[in-house]
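Peer 1: Provided herewith is a single structure, encoded as structure tokens, for subsequent inquiry.
The values are calculated or read from the model by the stated rules, or taken from the named source; none is laboratory data. What you are looking at is a predicted structure, and each value in this text was computed from that prediction instead of being measured. Heads up, the Cβs are rebuilt from the backbone with ideal geometry, glycines too, and the neighbour counts pull from every protein chain shown. Areas reflect the complete protein model, heavy atoms only, side chains present, ligands, DNA and RNA absent. Shrake-Rupley method; radii C 1.70, N 1.55, O 1.52, S 1.80 Å.
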Amino acid sequence: MALFILMDYIGLYAPVILFALTLFLLRNLTTYLWVFVVGFILNNLLNIILKLAIKEPRPTKDQKAIEIGVVNGARIGFDKFGMPSGHAQNCGYCLSFITMTLNNPFITALYSLISVISLFTLIVKG
């Protein structure tokens, strides 16, 4: 039971964990650190643009209300849309960046594990 709670927290906070861990790992590589931070910001802006373009509602209990709002052109914030997943996109960005930058199999495996836990949590919890 405690393992599932831990996995739930890791899945929920995976982008924050990977962001902080990447900042720590790149602390002595200032050029890569700045490129990572700017890329992370641009990645989040891209996520917002994609959510507003795709307009795939987030799975909720109030699904019909969101679908009616989208069809009728109601103003709906990007946080009401679930596709593409910000968690998945941020995990993928951090995993790709750290893999290409450090080329360390252990770190890549750790980032992959955290990313898979996040994706699993997204699928199971919705």
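Peer 1: For the condition modelled with pLDDT of 85 or more and either open to solvent by 80 Å² or more (accessible area, probe 1.4 Å) or not hydroxyl-bearing (Ser, Thr, Tyr) (or both), what is the one hit in Gly77, Gly73, Gly92?
Peer 2: Answer to the selection: Gly92.
Peer 1: Now, a different point. Name the pairs: first residue in the stretch 34-47 and part of a helix (DSSP H, G or I) and at pLDDT 90 or above, second residue open to solvent by less than 50 Å² (accessible area, probe 1.4 Å) and of a type in the set (Val, Ile, Thr), Cβ to Cβ under 8 Å, at least 6 apart or on different chains?
Peer 2: Phe36/Thr22; Phe36/Thr101
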